[in-house]
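Worksheet for the structure shown next.
The values are calculated or read from the model by the stated rules, or taken from the named source; none is laboratory data. Since we're looking at a predicted model, the values are computed, not measured. The accessibility values were calculated without ligands, DNA or RNA, using every heavy atom of the protein model including side chains. Shrake-Rupley method; radii C 1.70, N 1.55, O 1.52, S 1.80 Å.
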Amino acid sequence: MRCFLIIITAVWGALLWAGTPAALAQDVLTVQVVSLDPDQGVMIVEPVGSGSTPDSITVYYALEQAPPRLSQGDVIRMKGTWSPDNSGQFTAFHIGYGKNNQDPTGVRSRIGKCRGQGRGGGKGQGKSWGK
């Protein structure tokens, strides 16, 4: 048992020493689109709410990452990383609309599915077993 505890402690320490993987170091921002250039994959956004982010942020993204109906004035959520060179530049890996920050993780809608609130589907969700 001691050997197992020592091995687990050593592995955990090595992982912490190695640093956080890039996938875990991503930031999530809720922003409003100020200007958009879909041909170049660049947009300028402003943060929604409070925080220590700059007033305007230049966002670079892959063309297939943007929602098809994305337009100026939309409030969106982005997942990505800040540029190490310039704090006003952000590279987005995922862009989506969300639900006005009411359910950012999707947990509430999944709970609602099993309570018969009309969202989602599946067999027997929201129905009693005895009937």
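Solvent-accessible surface (1.4 Å probe) assigned to Ser35 amounts to roughly 50 Å². Remark: accessible surface ordering of Tyr97, Tyr61 (largest first) is Tyr97, Tyr61, probe radius 1.4 Å. Here the 3J(HN,Hα) profile of region 61-71, calculated from phi with Karplus coefficients 6.51, -1.76 and 1.60 at θ = phi - 60°, is 8, 6, 4, 7, 7, 6, x, x, 9, 4, 8 Hz, Gly and Pro shown as x.
So for Arg69, Arg2, Arg77, what's the accessible-area order with a 1.4 Å probe, most first?
Final ranking, largest accessible area leading: Arg2, Arg69, Arg77.
Amide H contacts of Ser83: Gln89, Phe90, Thr91, each under 5 Å away and 5 or more positions distant or on a separate chain (H built 1.01 Å from N in the peptide plane; Pro and chain starts excluded).
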